[in-house]
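Shown next, in C-alpha cells, is the structure this report addresses.
The values are calculated or read from the model by the stated rules, or taken from the named source; none is laboratory data. Since the structure is predicted, the reported quantities are computational estimates derived from the model, not experimental observations. Counting neighbours? That spans all protein chains shown, and the Cβs are built from the backbone with ideal geometry, glycine included. The protein model used for the area step is the full one, side chains on, heavy atoms only, and it has no ligands, DNA or RNA in it. Shrake-Rupley method; radii C 1.70, N 1.55, O 1.52, S 1.80 Å.
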Amino acid sequence: MNSHRTNSTEIPTPQSAEALTQQAEMYLAEGKLPEAITSCQAALDLDSTWAAGYVTMGTIKHAQGDIDGAIALYAQAIQLNPDSAPAYANLGSMLYKKSRFQEAILNYRKALNLNPNLVAVHMNLANALKQQGKLEESAQHQQKALALNPEYAQVDALIKQGEELAKSGKLEDAIALWEKALSIKPDLAEVYCQIGIMRRFQGKYKEALEVLQKALQLKPDYIAAHQHLCGILRDTTNYAGARQAVNTYYQTCGEVDRIMTTLYVMSTYHLAGLSQVAKDRFLELETLVKKTIKSLKKPYEIKALYSNLLFSMPYFRDDVESNAQLNQLVAQQYINQVLHPSHLETSYTRKPRQPQSELRLGFISSHFNRHSVGWCSFDIIEALRKITSQVYLYATEPMQTDDFTQWFAKTAQLYIPQNYPNGTVNPGEIIQKIREDGIDILIDLDSLTIPLHAEILYHQPAPICISWLGFDAPYISPHNYFLVDSYTHPEGRDKYYKEKLIRMPNSFVSVCGFARQAGDRVSLRQGYRIGLDQVVYLCVASGRKFNIELAKAHIAILKEVPHSILIYKGVGDTEVFQSTYKKICEEEGVGFYRIKFLQRVATEEEHRKIYSLADVLLDSYPYNGGTHTLEALWFDLPVVTRMGVQFLSRMGYSFLQDLGINEGVATSWKEYIQSGIKLGKDPELRQEVVEKLRNSKKPENLAPLWNPQKFAQDFYGICQQLLEKEEG
C-alpha cells in the first residue's frame with residue numbers, strides 16, 4: 001500500500017532514506033522485524049522529515065501488535081506529507097481495529113480522494129460503512145472495488161468452496177482454493193490462519209508456522225493464529241520458541257483475551273519445566289475465575305478452564321479442599337454453559353437386559369495405544385474379557401494407532417469413529433453407538449483430560465458410568481462413580497467429590513508386568529561411564545512434574561551420599577532442568593557433574609532398560625509418577641515417594657502399601673530426603689526392599705498390584721452390584 005515503492009525489482013544500495021525504507025519493507029515482508037526496525041530507523045536518522053519512513057515504521061508497529069504506536073506514526077507521516085494516501089489508508093485501518101469507525105471512514109475517504117484506484121481501501125471503506133449501518137453507500141464502494149479488480153468477486157466464493165472441501169476431508173484441494181483467493185486478495189489473515197490450521201493437522205509444521213506468521217503480520221491480534229503457533233512450537237518441543245511466541249500472544253492480546261492468554265502462558269511454561277512461573281499464572285487465573293466465572297459468556301473459555309486449568313492444578317498444589325472447591329466451581333459452569341445447552345439427544349429407549357446375562361462393559365479412551373493409560377488398562381481389560389465376552393472399546397479422539405492398538409482390537413471390539421478434518425470427533429456418534437451396543441457399565445479411562453468424555457458421561461449413555469485411571473474425577477454428575485482405593489482416598493474424602501467413590505479392595509490399578517529390551521547392569525553402567533559401586537538415583541518426570549523443591553531434595557540427598565549420582569530423564573526443556581540443578585548444586589557445594597540428563601528413546605521397551613542402571617527411584621511430588629513408578633517397582637527398584645493428601649500425590653503410597661512396603665514412604669520433604677539418604681547409604685536395606693519386590697511377583701503370594709485377574713474379578717463383582725442396585 002506504500003506508494004513510494006519503485007517499479008524496479010532491484011533494491012538500491014542503502015545510502016538514502018528511500019533505499020533504507022525499501023530495505024525495511026523487504027525485511028518486513030520476510031517477517032524479520034528487528035532488521036526492519038533497524039533499517040527504517042536508519043532512514044529516519046538520515047531524514048527525519050521522510051514521511052514514507054514513518055508509514056513503514058507504523059506498519060512495523062502494527063506487525064508487533066502496537067496499534068496505538070502505529071496510529072501515532074501514521075499521524076506523524078500525515079503531518080509531514082498531507083498528500084500521503086498510504087498514511088491515510090493505514091491510519092484508517094488502525095482506527096477500524098479500535099472500533100473508531102467514523103474516524104476510520106474519514107481517513108479512508110481522504111486516501112481515496114488522493115488515489116481513487118486503491119482497491120483495498122474501497123473494500124475497507126465498504127466494511128466500515130457497513131458497521132455504521134450505511135448499507136447503500138457500503139455497496140457502492142464494494143462495487144467500485146470489484147470494477148477496479150473483477151477478480152475480487154471470486155474471493156468469497158473461493159473461500160467458501162475451500163471450507164466445504166475441507167469439511168469433506170479434501171484438504172489439499174481446499175488449500176489450493178484458499179491460495180488462489182490469496183493471490184487475488186493477499187491481506188486475508190483469516191485464510192492464512194485456516195491454511196496454517198490444516199497444515200498443522202497434516203503434521204506439516206514448517207509450512208504451518210510460515211502461514212501462521214504471515215497471518216499475524218497482517219493481523220497481529222489474531223487470537224487463533226497465536227494459539228496455533230504456540231501449539232505447534234510446543235508440539236515440536238521448541239520450548240524456547242514456544243515461550244517467546246506465548247509472551248507475544250500475552251502482550252498483544254492479554255487485555256482482550258485475558259483468560260486464554262494466561263492459560264497459554266501457564267501451560268507453555270509448565271510443559272517446559274518452569275513450574276514457578278506457571279504456578280503464578282495458575283494462582284492469577286484462580287483469583288480471576290472466582291471473581292468472574294458466573295459472568296463469562298464464551299463457552300470456549302469455560303471449556304478451556306475445565307480442561308486446562310483443572311488439569312494443571314494438582315501439579316501445583318496438594319490441597320484437597322481448595323482443589324475440590326475450584327473443581328466444583330469450574331465444572332458447574334461447564335455443565336451450565338457447555339453441557340446443558342448441548343444439542344445432543346438425551347432421551348432414548350434402552351434395550352431390556354436379559355436376567356443373568358453377561359455384563360456388557362464399555363471403555364472410552366483416546367489412548368488405546370502406546371500410552372500410560374493403554375499400558376495400565378490393557379491387562380485388566382484382557383482379564384475382564386475372560387469373564388464376559390461383551391467388552392467394547394470406543395476411541396474418542398484421533399489417535400496414533402500402533403501395535404498396542406492391534407492388541408486391544410484383538411482383545412475386545414474396538415470402535416474408532418469418523419474423524420473430521422480438523423481432528424474433532426462427534427460425541428453424538430459415540431453416544432449413539434454406546435446405546436446401540438446396550439452397554440451396562442461405561443468406564444471412562446481419561447476423565448477431564450479429554451473434555452469430550454464429560455459430554456458423553458453427562459448424557460448417561462449407560463445405566464452405570466464410572467471414571468477411572470487417567471486422572472481425577474470429572475465432577476460432572478452425582479449419579480456417576482469414580483474408581484479409587486482406600487490408600488488414595490481414605491475415609492473422609494467422599495465429601496470433596498461430586499461422583500460417588502468406589503473403593504477397590506486393593507490398589508486402584510493392576511498390571512502383570514512390562515516388557516523391556518535386554519540389557520545387563522554392568523554393560524549399561526559401563527556405557528554411561530558409571531562405576532559399579534556408585535549409588536545411582538533415578539528420577540523419571542516430565543516438565544510438568546518438575547519443580548524446584550523436587551530438585552532441591554535431590555541435591556540434598558546427593559550431598560549426603562558420597563559418590564552417588566542422579567539420572568534425570570523427562571520430557572521438557574532440558575536447558576531448564578540443567579540450569580535449575582546447576583544453580584542448586586552451586587549453592588550447596590555439590591558437583592554438577594554428578595547429574596546426568598538422558599534424552600527420550602524410541603520405544604518404551606528401550607526406555608525400561610534404564611531401571612537396571614539405578615539403585616533407587618526418586619518419585620515426583622505433588623503429582624506422583626504413575627506408570628513410571630509401576631515400571632520401577634516391577635523391575636525391583638526401591639522407590640522414595642512423598643505422600644500428600646490429594647489423589648495424585650498418593651499413587652506411589654498406594655502402590656507400596658499394596659506390596660506391603662513401608663520403606664521409602666515420606667510425608668514431607670524432610671522425610672523424603674531422609675529416606676533417600678537411608679536407602680542410598682544402606683545397601684542391606686535396599687536389598688531387603690528388592691527381595692520384597694521379588695517376592696511380590698511369586699505365584700504363591702502374588703501381590704494384587706501384579707494380579708489383573710483378581711482386579712477384574714473384584715471389579716466385575718462391584719459392577720454387578722451397582723447394576724442390580726440401579727435396576728432394583
For segment 161-184, give me each residue that is within 17 Å of LEU212 (Cβ to Cβ) and open to solvent by 60 Å² or more (accessible area, probe 1.4 Å). GLU179
Matching option when the condition is of a type in the set (Phe, Trp, Tyr), under 20 Å from THR248 (Cβ atoms) and buried (at least 19 other Cβ atoms within 10 Å of the Cβ), among TYR205, TYR192: TYR192
Report yes if SER307 is of a type in the set (Ser, Thr, Tyr), over 22 Å from TYR264 (Cα atoms) and either open to solvent by less than 60 Å² (accessible area, probe 1.4 Å) or touching a Leu at 6+ places or on another chain (Cβ under 9 Å) (or both), otherwise no. no
Could you tell me which numbered condition PHE577 fails, if it satisfies all but one of (1) part of a helix (DSSP H, G or I); (2) in contact with a strand residue (DSSP E or B) (Cβ under 9 Å, 6 or more places away or on another chain); (3) free of Cβ contacts under 8 Å to residues at least 40 places away in the same chain? (3)
Selection from segment 567-620 of residues that are small (Gly, Ala, Ser), open to solvent by less than 10 Å² (accessible area, probe 1.4 Å) and more than 24 Å from THR268 (Cα to Cα): ALA614
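State all residues of segment 693-708 that are surrounded by fewer than 18 Cβ atoms within 10 Å (Cβ to Cβ) and either modelled with pLDDT of 95 or more or among the charged types (D, E, K, R) (or both); if no residue qualifies, say none. Can you show your working first?
From segment 693-708, those surrounded by fewer than 18 Cβ atoms within 10 Å (Cβ to Cβ) are 694-695, 698-702; that's our starting set.
Correct list: ARG694, ASN695, LYS698, PRO699, GLU700, LEU702.
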When segment 643-664 is checked residue by residue, the ones that are in contact (Cβ under 8 Å) with a residue 24 or more places away in the chain and either of a type in the set (Lys, Arg) or surrounded by fewer than 19 Cβ atoms within 10 Å (Cβ to Cβ) (or both) are VAL645, ARG650, GLY660, GLU663
Residues of segment 504-530 being within 18 Å of GLN657 (Cβ to Cβ) and either assigned to a helix (DSSP H, G or I) or open to solvent by less than 60 Å² (accessible area, probe 1.4 Å) (or both), which ones? MET504, ASN506, SER507, PHE508, VAL509, SER510, VAL511
Among residues of segment 678-704 being touching a strand residue (DSSP E or B) at 6+ places or on another chain (Cβ under 9 Å) and of a type in the set (A, V, I, L, M, F, W, C), the residue farthest from GLN657 (Cα to Cα) is LEU679
Restricting to segment 210-234, and then to whatever is modelled with pLDDT under 90 and part of a helix (DSSP H, G or I), can you tell me which residue is surrounded by the most Cβ atoms within 10 Å (Cβ to Cβ)? GLN217
Just wondering, is there one or more residues in segment 452-462 that are over 22 Å from the mean Cα position of the chain (by Cα), among the hydroxyl-bearing types (Ser, Thr, Tyr) and in a strand (DSSP E or B)? no
Would you pick out the residues in segment 374-412 that are under 23 Å from the mean Cα position of the chain (by Cα), crowded, with 19+ Cβ neighbours inside 10 Å and of a type in the set (A, V, I, L, M, F, W, C)? TRP375, CYS376, ALA395
